[in-house]
Amino acid sequence: MPEVDTRRFTVGVFQDVAGAEKGVEALKRHGLLAESLTILGKGSPELAAMIERASGAPPEKLEIHGLGSALARGPLVEALQGHDDGLGQLGIGGTMSRVGFQPHDGRIYGTLVARGGVLVAIHSEPRAADALAVLFSYGGGNAAIGAWSGRV
């Protein structure tokens, strides 16, 4: 499996599956590739179906510390898992620093997902600003670019 560049993600959290699906479709319409997208949330039949529609593949089932049973698909999952089952041991809040976010950002993302939000991430530095604008426009809360190498 290819190594994932862990410093090039744009992330936002949608309030629910329906909002996340609208945001993901908007990202695709703006030319961001399905394989660059990550979708992560609490396990539910609705989220499973949405992930499969968005990615063309079934979601991965995960146990995430502080969240419990979750479903996800995309390159952010590999980066957060690392070689030590990071999500299972540290949760979202404890692993977001692996992809360039501050610890308080990770805690916010973890809390929002635990409340039923759906995290959507885009692994695409050249289009990070575009992805951020789309996430904000479609309701992706707390959207941010993690350790983007183009930032000053």
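The values are calculated or read from the model by the stated rules, or taken from the named source; none is laboratory data. Worth saying up front: this structure is predicted, and the values here are computed from it rather than measured. Glycine also receives a Cβ, built like all others from the backbone with ideal geometry; neighbour counts cover every protein chain displayed.
Within region 87-117, the residues that satisfy the criterion of being in contact with an Asp or Glu (Cβ under 7 Å, 6 or more places away or on another chain) and not in a loop (DSSP other than H, G, I, E, B) are 88, 96. With respect to the stated conditions, residue 67 is touching a Gly at 6+ places or on another chain (Cβ under 9 Å) and closer than 22 Å to residue 102 by Cβ. Here residue 148 fulfils each of the conditions (1) hydrophobic (A, V, I, L, M, F, W, C); (2) at pLDDT 90 or above; (3) out of contact with any strand residue (DSSP E or B) (no Cβ under 6 Å at 6 or more places or on another chain) apart from (2).
Restricting to region 1-24, name every residue that is modelled with pLDDT of 95 or more, assigned to a loop (DSSP other than H, G, I, E, B) and among the acidic types (Asp, Glu). Once the filter is applied, which keeps residues that are modelled with pLDDT of 95 or more, assigned to a loop (DSSP other than H, G, I, E, B) and among the acidic types (Asp, Glu), region 1-24 yields only 16.
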